[in-house]
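Asks: So that we are looking at the same thing, I have put the structure below in structure tokens.
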Amino acid sequence: MSLHRFFGGLALPALKPAPAAVRRLPLPGQLRVPLLQHAGAEAEPCVVVGDRVRRFQRIGRRAADTLGADVHAPAAGVVVAIERGPVAMPGTPDATHVVIAVDAGTAGVGSSGDSDSSEDARMPALDPQATPLDALRQRLADAGLVGLGGAGFPTADKLVGSHRLLILNGAECEPVVACDEALLREHADEVVAGGRLLARLCGATRLVLAMEQRMASALPAVQAAIAASVDGGAEGRMVELALLPDRYPAGGERQLIQAITGEEVRDGGLPRDLGVLVQNVATAAAAWRAVVHGEPQVSRLVTVGGDGVSHAATFDVLLGTPASHVAEAVGGWRDEATVLRAGGPMMGVALPHDDVAVIKTTIALTAWCEPVAPDAGAGSSAPRSPLPCIRCGDCANACPSRLQPQLLHARLRVSDGGDLAGALALGLGACIECGACDAVCPSAIPLTAGFVAARQSARLGQHQRVQAEAAKERFERRIERLQREAEDAAQHQAQRVKRVSGAAAAALAKARSKRAGSGSAPGTADAPPEGDRP
């Protein structure tokens, strides 16, 4: 299919592991399962310390009337702690973790568990074609399914509404990350079937599977899966295949939409404004397994790489597995490794330590000996100290959001007082934090870090304003309620007084009437008693 070019971007080295069969990572002795693995609020624990849990059992429930997702036990065992700790998400927030001591009989086996389905808590299988759409969406919600390639937005919520186009995003584009290529290589049939399922749920009449040109190892499997779905008479639309140029960030949602449709999502808008929905290929496969096999999301493929490990590989990892346990499968981190990221070198989240667990959105664990620019390659020299901006414009040419990073940087400079409002007016909110400006900056200015901090400050300010408005609204509602209750009480008291006064008046009138009616007959009222008569 013909493609359109998106603005900006970079050609980056792949640095990906050689194509090889995905290995199932042995289970650790203990799983630390965060109740926050998704956009929105963390789930509420529905187990307590000492509970025995089965594989696939719900251990965290989405809070009522909030954006969020359920969380399930990846393996059978005993809950030994419920405690807080850092989560591998932007900002590295703290969240509640359910700590499960894995049953001795299963510790050490593959991450897929290999257990008898009669011994786990999987849900009944559903027919993806005959089951009503509402029941299918509820199944995805019950399975705790979220987007597995980005922010982890709950899938069932994202499917609401009607869309003309569904794009299955298999474009990793970032260096090192290779989990989607491995998935397409080994489970392309599930991705295609899951894509058709999601297209039915969102009403899309067009379905496109997008992958990079350099993902050659997966291409034969994808083409065979698409052909098999047509030959098998699968219901629904044809699956189109889009081979994207190897240009970062081709896997970004907005860049992907522009490359396939030629349309741009406006600033402040959403893909659904164009009738487009983007879902990761891993999300499609997980949706298929949730419906057809009744399996909640409890594992994912994770790439381990970077110059801080001896070799890179992709593993099938249970959610809640500590990063340190994943590292053991590749011989551990190198002694020179100084930075550990959940994700690739461009958009990955720096982790405080390697006890942080793999979660639904963890596409990779990458260790680095030095925080070098990704285009410099592994083994390059130590990073340079930032120099003043020379206004070369390279960052603007690389920015896929058409921003002027040098102007944003100037607005946000602390020495100039930090004009956040001015930066927002220049489009700071449209930054996708891809790091392309950092990679090309000849002065080695950490532009993205400044933009991330400013956006977080803006979000915090917005959150505080929302809270303040909510508090003001609650206060005003309380005043209105107290006034209404006072008025109701006064009205009730007036009615009571009126009723009492009316009853008293009626009683007095009745008494008078009774006295008047029971008085002596005329002419005898003053007659003396009979004994006193003469």
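The values are calculated or read from the model by the stated rules, or taken from the named source; none is laboratory data. These numbers were taken from a predicted model, which means no experiment stands behind them. Cβ atoms come from the backbone with ideal geometry, glycine included; neighbour counts cover every protein chain shown. Surface accessibility is based on the protein's heavy atoms, side chains included, excluding ligands, DNA and RNA. Shrake-Rupley method; radii C 1.70, N 1.55, O 1.52, S 1.80 Å.
Asks: Round to a whole number: what % of the accessible area of the chain belongs to carbon and sulfur, probe 1.4 Å?
Replies: Roughly 53 percent of what the probe reaches on the chain is carbon or sulfur.
Asks: Could you let me know the centre-to-centre spacing of segment 304-350 and segment 16-49, using Cα atoms, in angstrom?
Replies: When both Cα centres are located, 14 Å separates them.
Asks: Lys and Arg at +1, Asp and Glu at -1: add these up for the other residues within a Cβ distance under 13 Å of LYS472 and post the number.
Replies: Neighbourhood net charge equals 0.
Asks: Here is a follow-up. Among [x] 76, 54, 48; [y] 67, 56, 51; [z] 144, 65, 48, which is the computed Cα extents along the principal axes in Å?
Replies: Calculated Cα extents along the principal axes in Å: the matching label is [z].
Asks: What is the gain in length, in nm to one decimal, between ARG54 and LYS510 on full extension, counting 0.36 nm per residue of separation less the C-alpha to C-alpha distance?
Replies: Full extension of this stretch gives 156.3 nm more.
Asks: Shifting gears a bit: Which of the cysteines in the chain are isolated, no other cysteine C-beta under 4.7 Å?
Replies: Flagged as lacking a Cys partner: CYS46, CYS173, CYS179, CYS202, CYS369, CYS389, CYS392, CYS399, CYS431, CYS434, CYS441.
Asks: Something else about it: Accessible area per residue, 1.4 Å probe, Å², for segment 145-211: what's the number?
Replies: 24
Asks: Using modelled amide H (1.01 Å from N, peptide plane; none on Pro or chain starts), what sits under 5 Å from the amide H of LEU148, excluding residues fewer than 5 places away?
Replies: Here ASN280, THR283 satisfy the definition.
Asks: While we're here: Two decimals is fine: what's Rg over Rh for segment 169-269, C-alpha atoms, Kirkwood radius as Rh?
Replies: Rg/Rh for segment 169-269 comes to 0.97.
Asks: May I ask for the angle, rounded to the nearest 10°, between helix 219-231 and the longest principal axis of the chain, with both axes built from Cα atoms and the value confined to 0 to 90°?
Replies: On a 0 to 90 degree scale, this one is about 60.
Asks: Follow-up question, since we're still on this one. Can you tell me which lysines have their Cα less than 22 Å from the Cα of LYS16? Leave out same-chain residues fewer than eight positions away.
Replies: Straight-line reach from LYS16, under 22 Å: LYS360.
Asks: State the answer as a single residue: which of LEU35, PRO132, GLY144 lies farthest towards the positive end of the charge dipole of segment 33-172, with beta carbon charges of +1 for Lys and Arg and -1 for Asp and Glu, about the Cα centre.
Replies: Going by the charge dipole, the pick is PRO132.
Asks: log10 I(q)/I(0), Debye, Cα-only segment 453-522, no solvent, q = 0.27 Å⁻¹?
Replies: -1.05
Asks: Using a ≥ b ≥ c from the Cα gyration tensor of segment 261-322 (square roots of the eigenvalues), is it rounded, prolate or oblate, where a/c under 1.5 gives rounded and otherwise the larger of a/b and b/c decides, a/b for prolate?
Replies: Oblate shape, in that a/c is at least 1.5 and b/c is the bigger or equal ratio.
Asks: Calculate, axis by axis, the spread of Cα positions in segment 192-324 along the three principal axes, and write the results as whole Å, longest axis first.
Replies: 44, 38, 30
Asks: A further question on this structure: Can you give the % of DSSP beta bridges in the chain that are antiparallel, to the nearest 5?
Replies: Of the beta bridges lying entirely in the chain, close to 65 percent run antiparallel.
Asks: So, one more: Among GLN255, VAL47, ALA11, whose Cα sits farthest toward the positive end of the charge dipole of the chain (+1 at Cβ of Lys/Arg, -1 at Cβ of Asp/Glu, about the Cα centre)?
Replies: VAL47
Asks: If you don't mind, there's one more thing I want to ask. Measure nothing but the geometry: give the 0 to 90° angle between the long axis through the Cα atoms of 133-142 and the longest principal axis through the Cα atoms of the chain, rounded to 10°.
Replies: The answer is roughly 80 degrees.
Asks: What are the residues whose amide H is under 5 Å from the amide H of CYS46, where those residues sit 5 or more places off or on another chain and H is modelled from the backbone?
Replies: Here the answer is GLY60, ARG61, since their amide H atoms fall under 5 Å of that of CYS46.
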